[in-house]
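S.K.: There's a structure below that I have some questions on.
The values are calculated or read from the model by the stated rules, or taken from the named source; none is laboratory data. Owing to the predicted nature of the structure, the values given are computational and were not obtained by experimental measurement. All Cβ positions, glycine included, derive from the backbone under ideal geometry; neighbour counts span all protein chains shown.
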Amino acid sequence: MNGPGPYIRKRREALRQNDRRYSLRQVAERVGIKPTYLSKVEREELPPPSEDTLKKIAAELDLDADLILAMAGKVSSDLRAIICQRPQLFSQLIRQLKDAPDHAVLRVVREISDGDW
């Protein structure tokens with residue numbers, strides 16, 4: 001597997017160095033899962049959890065939820081809904097941007113964000 005588990009673990013352990021509230025047990029409790037489950041997810045002994053659980057973990061550890069979902073091979077339901085509203089346009093856009101350098105993608109994002117529609 002090549003999921004988000006090690007990334008989550010590394011972040012949680014880095015936070016734990018300065019704050020004991022980031023122990024495996026305490027994070028799991030705040031997220032609403034069992035510590036053994038979080039441990040197995042971090043070690044990739046289980047497949048990544050649901051979108052909702054990944055978002056809670058990301059929020060708890062101040063991580064980007066979209067990044068964590070992508071690492072898990074998932075797309076957030078709100079993005080899925082947006083794509084489904086105009087599937088041909090978004091699929092065409094994504095395919096065109098697939099090989100574009102980051103600076104070009106950022107330029108498109110800025111243009112859309114700053115645009116006067």
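S.K.: If you scan the stretch 71-117, which residues turn out to be more than 30 Å from residue 5 (Cβ to Cβ), among the basic types (Lys, Arg) and part of a helix (DSSP H, G or I)?
M.R.: 107, 110
S.K.: If you don't mind, another one. Condition test on residue 38, is it within 15 Å of residue 68 (Cα to Cα) and either over 20 Å from the mean Cα position of the chain (by Cα) or among the aliphatic types (A, V, I, L, M) (or both)?
M.R.: Yes, satisfied.
S.K.: Something else now. State whether the residues of the stretch 40-57 include one that is among the aliphatic types (A, V, I, L, M), in contact with a Pro (Cβ under 9 Å, 6 or more places away or on another chain), without any contact (Cβ under 8 Å) to a residue 24 or more places away in the chain and assigned to a helix (DSSP H, G or I). Show your work before the answer.
M.R.: To start, the set of residues in the stretch 40-57 that are among the aliphatic types (A, V, I, L, M) comprises 41, 46, 54, 57.
Narrowing further to those that are in contact with a Pro (Cβ under 9 Å, 6 or more places away or on another chain): 41, 54, 57.
Narrowing the set further to residues that are without any contact (Cβ under 8 Å) to a residue 24 or more places away in the chain leaves none.
There is no residue in the stretch 40-57 that is among the aliphatic types (A, V, I, L, M), in contact with a Pro (Cβ under 9 Å, 6 or more places away or on another chain), without any contact (Cβ under 8 Å) to a residue 24 or more places away in the chain and assigned to a helix (DSSP H, G or I).
S.K.: Between residues in the stretch 102-116 that are at negative phi and residues that are modelled with pLDDT of 90 or more, which pairs lie under 6 Å by C-beta distance while being six or more apart or on different chains?
M.R.: Correct list of pairs: 105/97.
S.K.: So, of the residues in the stretch 3-39 that are part of a loop (DSSP other than H, G, I, E, B) and in contact with a helix residue (DSSP H, G or I) (Cβ under 8 Å, 6 or more places away or on another chain), which turns out to be surrounded by the most Cβ atoms within 10 Å (Cβ to Cβ)? Give the steps one after another, and end with the answer.
M.R.: Looking only at the stretch 3-39, we keep the residues that are part of a loop (DSSP other than H, G, I, E, B), and these are 3-4, 19, 23, 32-34.
If we keep only those that are in contact with a helix residue (DSSP H, G or I) (Cβ under 8 Å, 6 or more places away or on another chain) too, we end up with 3-4, 23, 32-34.
Details: 3: 20, 4: 26, 23: 15, 32: 9, 33: 16, 34: 12.
Here the answer is 4.
S.K.: Still on this structure, I have one more. What pairs come out if I take residues in the stretch 74-97 that are over 20 Å from residue 52 (Cα atoms) and pair them with residues that are in a helix (DSSP H, G or I) whose C-beta lies under 6 Å away, six or more apart or interchain?
M.R.: 90/83; 97/105
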